[in-house]
1. If I filter the stretch 19-63 down to residues being charged (D, E, K, R) and in contact with a strand residue (DSSP E or B) (Cβ under 9 Å, 6 or more places away or on another chain), which single residue comes out as modelled with the lowest pLDDT?
2. Out of all the residues in the stretch 119-135, which are in a loop (DSSP other than H, G, I, E, B) and under 21 Å from HIS146 (Cα atoms)?
3. Restricting attention to the stretch 136-159, report how many residues are assigned to a helix (DSSP H, G or I), touching a strand residue (DSSP E or B) at 6+ places or on another chain (Cβ under 9 Å) and at pLDDT below 90.
4. Restricted to the stretch 220-234, and to residues that are more than 17 Å from ASP177 (Cα to Cα) and assigned to a loop (DSSP other than H, G, I, E, B), which residue is nearest to the chain's Cα centre (by Cα)?
5. Suppose we filter the stretch 191-219 for residues that are among the polar types (S, T, N, Q) and touching a residue at least 60 places away in the same chain (Cβ under 8 Å); how many remain?
6. May I ask you to say which residue of PHE184, PHE135, PHE176 is buried (at least 20 other Cβ atoms within 10 Å of the Cβ), touching a residue at least 12 places away in the same chain (Cβ under 8 Å) and in contact with a Lys or Arg (Cβ under 6 Å, 6 or more places away or on another chain)?
7. Among the candidates GLU186, GLU237, single out the residue that is more than 19 Å from the chain's Cα centre (by Cα), in a helix (DSSP H, G or I), closer than 27 Å to ASP136 by Cα and of a type in the set (Asp, Glu).
8. Going by the structure shown, is ALA85 hydrophobic (A, V, I, L, M, F, W, C), touching a residue at least 40 places away in the same chain (Cβ under 8 Å) and either closer than 25 Å to THR172 by Cα or surrounded by fewer than 20 Cβ atoms within 10 Å (Cβ to Cβ) (or both)?
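The values are calculated or read from the model by the stated rules, or taken from the named source; none is laboratory data. Everything numeric in this text was worked out from a predicted model, so none of it was measured. Backbone-built Cβ (ideal geometry, glycine too); neighbour counts: all protein chains shown.
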Amino acid sequence: MSLKDIFNEKTVFSLEVFPPRTAQGEDNLINSLSGIKSIKPDFISITLGAGGSQNNSAIDLASTIQNDLKIPTMAHIPGLYRSKADVTEFLQQLNDHNIKNVLALRGDHIPDQQPVGDFKYASELAEFIKQHGNFDISGACYPQKHPESNNFVDDTLHLKEKIDNGVSHLITQMIFDNQAFYDFRERLQLAGINIPVEVGIMPCTNRNQIKRITELSGIEMPKKFVAIMDRYADNKEAMRDAGIAYAIDQIVDLVSNGVDGIHLYTMNNAENAQRIWDATHTLFEATSNQLQKSL
C-alpha cells in the first residue's frame, strides 16, 4: 500500500532516524528498532546529509528496515548538492532495494561549498523524481515559515508548487507550539491544499539539543517550554522526563484535534520513542477505528 493511501485509514505514526557514523552504532540502532516493533510505525524515514557522503550507509540502513524488519521506509533526498545523474543513480539503488518512498528536500547550504545547480528548489527535485520512477514523493513544510521565505504568502505558494510537481504528503519541521500548526493548517485550507500533513514532534531532552535546534531553525520556543528548560536544564533526568512529557502533551492535543499523523524525530533514541508510544498508542488506535467506521 502506498503511504499516501494509509492516511485514509488511520492516524499515522512514523519515526525518523539517521545513519550512525560507525558499524557498531548501526548495529545498536537496528537492535533497538527490532526491540520496538511493538510500536508498529507506519514508516521510518532515513535522513541523508546534504552533501551525499552517507549515500551507501543510508541505503544499507533503509534496506535493513524495509526488507529485514518489514517496516516501510522513506529515504531522504536533498537536492542542492546533487546532480541529476547522482539522483538518478540513487533512485535506481533505492528501487533495487524495494524502497519506493522518498522525501524530496532542497537541503541545507554547506558553508564554502557551491551547490551543483541542477536542483535549486525541492519542487524541481520532486518533478525530476516523478519523471524517473514510480515513487511516492513526500515533502517538507514549515508551519512557522521557511527561514528564507519573505512571508507566509510566498511560503504557501512555494509549497503549492511542490505539490503540483508530485508531492503527495507533507511532513512539518519540528514544532513546539501546536497553535503554529493549527494556523498553518488553516492557511493550507485557504490555499486549497488538502494533502495529508504529518506534524513533526521532537522530545527535547537536554539543553545543548535545544540550543542547536533554535540556532539552526530559528524556531521560537513557546513560554511554556522555556519555563521547563529554565527549571530543569541542569538536571539530566528531570529534563529528559520533562521533554518527553511535553512531547506527549503535544501529541495528545494534536491527535485529539484531527491531525493526519505524527512524525517523531527520535534522534536514534528508541527508548524515548517507546515511552511516547506507550503513553499515546490508545489515541491513535481510537482515531483509526473511527476512520475505519466512516469508510
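1. Initial filter on the stretch 19-63 (charged (D, E, K, R)): 21, 26-27, 37, 40, 42, 60.
Those left that are additionally in contact with a strand residue (DSSP E or B) (Cβ under 9 Å, 6 or more places away or on another chain): 40, 42.
Details: LYS40: 85, ASP42: 94.
Filtering first and then ranking leaves LYS40.
2. PHE119, LYS120, TYR121, listed by residue number.
3. Going through the stretch 136-159 one residue at a time, the tally reaches 1.
4. ALA233
5. Qualifying residue count, the stretch 191-219: 2.
6. Only one candidate passes the filter, namely PHE135.
7. GLU186 is the lone residue from the list that is more than 19 Å from the chain's Cα centre (by Cα), in a helix (DSSP H, G or I), closer than 27 Å to ASP136 by Cα and of a type in the set (Asp, Glu).
8. no
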